[in-house]
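Bear in mind that the values in this text are calculations on the coordinates, not laboratory data. A quick note: this is a predicted structure, and the numbers were derived from the prediction, not measured. Glycine also receives a Cβ, built like all others from the backbone with ideal geometry; neighbour counts cover every protein chain displayed.
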Amino acid sequence: MVTNLINRLKAFINNIFGEKKTIKLGIYGEPNSGKTTLANKIAMDFLGETVGEVSEMPHTTRMIQKVEHIEINSNGKKLIMNLLDMPGLATQIDYKEFMRFYKSAASTSLALNDFTVASLKKIAKERGLSDKGTKKVLVTRLSKTVDESELPELKDRLNLKVLKSKKKKKHSKIESQKIAEEATKGVIEAIKWLDNVDSVLLMMDATKDPLTQVNIMLLGNLEAKGIPVIIIANKNDLEKADPTRIENAFPQHTVVPVSASTGNNLEMLYETIAAQEI
Ligand SMILES: Nc1nc2c(ncn2[C@@H]2O[C@H](COP(=O)(O)OP(=O)(O)OP(=O)(O)O)[C@@H](O)[C@H]2O)c(=O)[nH]1
Ligand SMILES: [Mg+2]
């Protein structure tokens, strides 16, 4: 325990005086563990932007997403990281699984034209505009004051109706097969990148059993390559979350419990990254 602390302190001191200033930090883990949610939260906090789509569908991220130049100040010292949000790792990918999920919000974004005439009239009234005229006239009138990004909120608040053809649809078989193919490529890419990252954040869903093939294989691989790793016990806002189960499963590793959604305990994560960096 004491040796461990001394080693960490040494690593921290090395970091302060060491040559390497920018580190490549890969966020790895199983699908749906919350990797993109964390990357988005960090990017939003430091750079005011998000990196990628988050959804309950596994393999939402199928290409590596980069967040560059994040400066962490810990104990008065600066650490610059390039974060890599990896596709989720899985031992099996079955296209049928994707058929249960709706297409992403990005591919089904709303336009004024997608609403019924009655709904367009409701928006016009709300904006204090005339609600007279054909659909084309209403759309032209509204497009001057309504931004498309406002439509989801307006739709919920005013109970607007969307044309049937624009309703949310689930993935077709062909789309699902394409997702499965992309997800498989993503897994291979993520594994290849293990040779290029300086350090890894291994994301685990703390509501689930951590002793999975993916987690065990990843940790074995990282240990063999000598890549430092911090395990993140995510979704700690949920009642079912049990970070102790993760600590007990991998006692030789540092485990930081966080909630990527709420941002809870991220300060502790930054401190741990700064303290462990080499
Ligand atoms: N309650 C809770 N939900 C979370 C948290 N982090 C992520 N989620 C949810 O978990 C689901 C998956 O999140 P993502 O960030 O897309 O997970 P991912 O690890 O990037 O998934 P892939 O890209 O598919 O590998 C989404 O529904 C998130 O809203 C958290 O801290 N708490
Ligand atoms: Mg993701």
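Working from Cα pairs under 8 Å separated by at least six residues, relative contact order for the chain is 24 percent. Less than 5 angstrom separates the built amide H of residue 260 from those of 235, 236, all sequence-distant by 5 or more or on a different chain. For segment 127-235, applying the loop criterion from DSSP together with a ceiling of 16 other beta carbons within 10 Å to the trypsin sites (Lys or Arg not before Pro) yields 127, 132, 144, 161, 167, 168, 169. When the chain is described by a simple charge dipole with +1 on each Lys and Arg Cβ and -1 on each Asp and Glu Cβ, the residue from 154, 101, 268 located farthest towards its positive end is 154. If R0 equals 25 Å, the separation of the Cβ atoms of residue 82 and residue 153 corresponds to a calculated FRET efficiency of about 0.15. Summing Cβ point charges (Lys, Arg +1; Asp, Glu -1) relative to the Cα centre of segment 134-278 gives a dipole of roughly 1760 debye. Straight-line reach from residue 41: taking Cα to Cα under 19 Å and skipping same-chain neighbours fewer than 8 places apart, the lysines in range are 24, 66, 235. For the chain, the fraction of C-alpha pairs farther apart than 27 angstrom is 50 percent. Put a dot 7 Å past the Cα of residue 91, heading toward its Cβ, do the same for residue 56, and the two dots end up 2.6 nm apart.
Each 10 Å bin from zero holds the following percent of Cα-Cα pairs in segment 120-278: 9, 23, 20, 17, 17, 12, 3, 0. Taking each of 208/240; 121/161; 121/144; 96/208 in turn, the alpha-carbon distance tops 19 angstrom for 96/208.
For residue 249, the shell of other residues with beta-carbons less than 15 Å away shows a net charge of -4, using +1 for Lys and Arg and -1 for Asp and Glu.
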